[in-house]
Structures are given as structure tokens and as C-alpha cells.
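The values are calculated or read from the model by the stated rules, or taken from the named source; none is laboratory data. Note that the coordinates shown come from a computational prediction; the quantities given were computed from them, not determined experimentally. Cβ coordinates were reconstructed from backbone atoms using ideal geometry, including for glycine residues, and neighbour counts include every protein chain displayed. Protein only, heavy atoms only, side chains kept; ligands, DNA and RNA dropped before computing areas. Shrake-Rupley method; radii C 1.70, N 1.55, O 1.52, S 1.80 Å.
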2 protein chains.
Amino acid sequence: MQLNQYDHIILLAHGSSDANWKRPFESLLANVTGDVSKDKVSLAYMELCSPSIEDILNTLPTDKKNIAVYPLFFAKGRHLRVDVPKQLETLTNQYRTLTLLEPIGDNPEVVQAMEGAIISKLTPS
Amino acid sequence: MQLNQYDHIILLAHGSSDANWKRPFESLLANVTGDVSKDKVSLAYMELCSPSIEDILNTLPTDKKNIAVYPLFFAKGRHLRVDVPKQLETLTNQYRTLTLLEPIGDNPEVVQAMEGAIISKLTPS
């Protein structure tokens, strides 16, 4: 049983120098904040565009102490094994903890939806 | 109405130098080929690891003429707007056509599953 243990979740996308690339992530955030309070969730990018995780942390109220970072990644490579943990270590302090979650690509419903999307391309409709 | 117009679909993931990164994609392929014929779908990587799209094409029977490339990407940036189309152009010939599909992150069920995954992290269970 998972309790609602986080004061805030930062969605973390890879980032791109192409502004068009950001749109689906911005749209995802907008849809989620239609269902949960806006002060519960933010969107940051690991590299190549802003805001960064640090930018987001600088805007969060000080009562957001227990913060999760949820990677909008399909899989864990060097970025999620090394780069992001290092970054989170430098951003953790006595006022807040930062927890790196498993990537969204691990979620069984997301996996199932991807399988369905692939099969739909191969099945006459 | 979309007909089953492709002889074969190549799933295209970004690629990584970290072998662990490939596992969820390999697992996705294995699950899909549990439901559809194995000769209908392959997995390739854009960069940093193999097989490449070209490697896959070299192994396909010659009756696979109408081939789709389905990007396992969340969003379209430079890779899907420039790099991959250029690559596909060089790989198209009189024996086969290669069609680049919109990325899997555009699929409404995938988007909905991601929203659900995010909201589940914020909701007591």
C-alpha cells in the first residue's frame, strides 16, 4: 500500500533544444493539473531546455519538504542511474528530501497501452 | 479507418550505451510478438546501440515491401523531424517504402495511462 507520501511531484522529461518537443509534456502537465491541485505537480527538464529541477525548487513554497522526481522516461540508462541521482544529491538539503522514482515507462498500465498502440498498427480496423 | 497497410513495423527506440536501458524495449517487443506474428514486428535503435534500422532491413524477407517505422518516443524533436527522415530516405529504394509514423507518445491511450500513472503517485491508496 502506497500512501500519499509526497508534498510535491516534479515530472522530469529529458529536454530538447526543439521547442516543439516540449508540447506533449506541457499538455500532460495541463491534463494532470485538471485533476489534482496545481501546487502538487510541476514539470522540469534534465537538460537542453528550462525549467530545470533547480528552477522548480526555487519556486516551491518552503512547506514542500518531501518531493518526488518522476522521470518521464521509457527506461533507465546512464541519465537516471548516474546523472540525475548526482543532481538530486546536490539539491537535497536540511529543508527537503528529493526521491527519484522509477521511470513512467515501468508503469504496467503505460506498458499495456504501448503494447495496444503497437498492435493497433498491425491489426486491420 | 486505418487498414492493415504495413507488411512490417520496425519499432524505433532512441538507443543508449547502457545495455540495461534496452530491456524494457526488448520486453515490449517480446510481449507484442506474443500477440502478433513475429515476422510482423522488429525493434531497432536510432543510435548508440544495435540493431539499427538498416540492420533490421538487411534481415527482412524481400516480400516485406511496405514497412512502417514506429518511434518509441514521447515527442517529436530534431531526431524525428530531421535525423530519422534523412536516414529513412537513404534506406528507401525501388523494392520497399519506409513510412515514419507519429511517435507512440501521441497515442491517446498511452497519454491517458501516463496521466493515470502520475495521478496515482499523488493519490492515497
Chain A, relative contact order [Cα under 8 Å, separation at least 6], %:
27 percent
Once B and A are treated as a pair rather than alone, how much accessible area drops out, both sides summed, in Å² to 100, probe 1.4 Å?
4200 Å²
Å² of accessible area per residue within the range A:1-124, as computed with a 1.4 Å probe and no ligands counted
49 Å²
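In the protein assembly as shown, what percentage of the DSSP-assigned beta bridges are antiparallel, given to the nearest 5?
5 percent
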Can you send over the carbon and sulfur percentage of the accessible area for the protein assembly as shown, probe radius 1.4 Å, protein chains only?
50 percent
Nearest 10 degrees is fine. How inclined is helix A:23-32 to the longest principal axis of chain A, computing both from alpha carbons?
70 degrees
In a Gaussian network model of chain A with springs linking alpha carbons closer than 10 Å, the residue among A:Pro85, A:Pro71, A:Pro108 that fluctuates most is A:Pro108
Give me the distance between the Cα centres of the range A:7-32 and the range B:51-81, rounded to whole Å.
26 Å
Nearest-to-axis residue of chain B, judged by beta-carbon position, where the axis maps B onto A, in Å:
B:Ala113, 2
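Relative to the Cα centre, what is the charge dipole magnitude of the range B:75-125, using +1 at the beta carbon of each Lys and Arg, -1 at the beta carbon of each Asp and Glu, and rounding to the nearest 20 debye?
Details: 6 positive and 6 negative charges, 42 e Å.
Dipole size: approximately 200 debye.
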Check the straight Cα-Cα distances from A:Lys65 and name the aspartates and glutamates below 12 Å, setting aside those fewer than 8 residues away within the same chain.
A:Asp7
Choice from A:Pro51, A:Pro103, A:Pro24 with maximal GNM fluctuation in chain A (Cα, 10 Å cutoff)
A:Pro24
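Tell me which chymotrypsin sites (Phe, Trp or Tyr not before Pro) from the range B:50-125 have a DSSP coil assignment and no more than 16 other beta carbons within 10 Å of their own.
Filter output for the range B:50-125: B:Tyr95.
Could you sort A:Ser17, A:Ser42, B:Ser37 by accessible area so the largest value comes first, with the probe set to 1.4 Å?
A:Ser17, B:Ser37, A:Ser42
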Just from its helices, what would the mean residue ellipticity at 222 nm be for chain B, if runs of 4 or more DSSP H residues each count -39500 (n - 2.57) and the sum is divided by every residue, rounded to the nearest 500 deg cm²/dmol?
-10500 deg cm²/dmol
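If a/c stays under 1.5 just call it rounded; otherwise compare a/b with b/c (prolate if a/b is bigger, oblate if not). Do that for the range B:65-107, with a ≥ b ≥ c from the square roots of the Cα gyration tensor eigenvalues. Intermediate values should be presented prior to the final figure.
Numbers: a/c = 4.21, a/b = 1.63, b/c = 2.58.
Oblate shape, in that a/c is at least 1.5 and b/c is the bigger or equal ratio.
Looking at this model, which pairs from A:Lys38/A:Lys121; A:Lys22/B:Lys121; B:Lys22/B:Lys76; B:Lys64/B:Lys86 are more than 25 angstrom apart at the alpha-carbon? Walk me through the numbers on the way to the answer.
Working: A:Lys38/A:Lys121 35 Å; A:Lys22/B:Lys121 22 Å; B:Lys22/B:Lys76 20 Å; B:Lys64/B:Lys86 21 Å.
The pairs that break the limit, which is 25 Å between Cα atoms, are A:Lys38/A:Lys121.
Note down the magnitude of the dipole of the protein assembly as shown about its Cα centre, charges +1 on Lys and Arg C-beta and -1 on Asp and Glu C-beta and zero elsewhere, to the nearest 20 debye. Before the final figure, lay out the partial values.
Numbers: 24 positive and 30 negative charges, 28 e Å.
That gives a dipole near 140 debye.
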Can you list, shortest first and in nm, the gaps between the label point of A:Leu60 and those of its counterparts in the other copies, using a point 7 Å from Cα in the C-beta direction?
4.6
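Mind checking Rg over Rh on the range B:3-122, alpha carbons, Kirkwood formula for Rh?
Working: Rg = 14.9 Å, Rh = 15.3 Å.
Rounded to two decimals, Rg over Rh is 0.98.
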Which of A:Leu72, A:Leu11, A:Leu91 fluctuates most in a GNM of chain A (C-alpha springs under 10 Å)? That residue is A:Leu91
